[in-house]
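Student: Would you mind keeping the following structure in view while I ask a few things?
The values are calculated or read from the model by the stated rules, or taken from the named source; none is laboratory data. Every value quoted in this text rests on a predicted model; they were computed, and no experiment measured them. Ideal geometry is used to build each Cβ from the backbone, glycine not excepted, and the neighbour counts take in all protein chains shown.
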């Protein structure tokens, strides 16, 4: 009996994975060519010239070492876990950000669009 339940779960997971590999319009989504390519693209998007040039000034302006402690706490306990969660959900569900949020909670689709608009506006600052 437990083997039957395990087989059913594996089949269900395989169907969900096969379905998730298709975009909402039925076309297969493209994938990263290698793990290294994904890693370099992720690092490149997270570390830009705006961060490299502005961070030392911000650290100096807000107290140097006194600024670094809350910054590192926020980085390790909020920012990094949220980025890892978004990557993991995107990889598992094979959807873009707005479709991902709408899949988790359809009423929150506006939140997905708000984050896209916020990202676009903050990118304008760094241009």
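Student: From the set of residues in the stretch 48-63 that are modelled with pLDDT under 85 and loosely packed, with under 11 Cβ neighbours inside 10 Å, which is nearest to residue 125 (Cα to Cα)?
Tutor: 49
Student: What number goes with the only condition from (1) surrounded by 10 or more Cβ atoms within 10 Å (Cβ to Cβ); (2) more than 19 Å from the chain's Cα centre (by Cα); (3) at pLDDT 80 or above that residue 40 does not pass?
Tutor: That leaves (2) as the condition not met.
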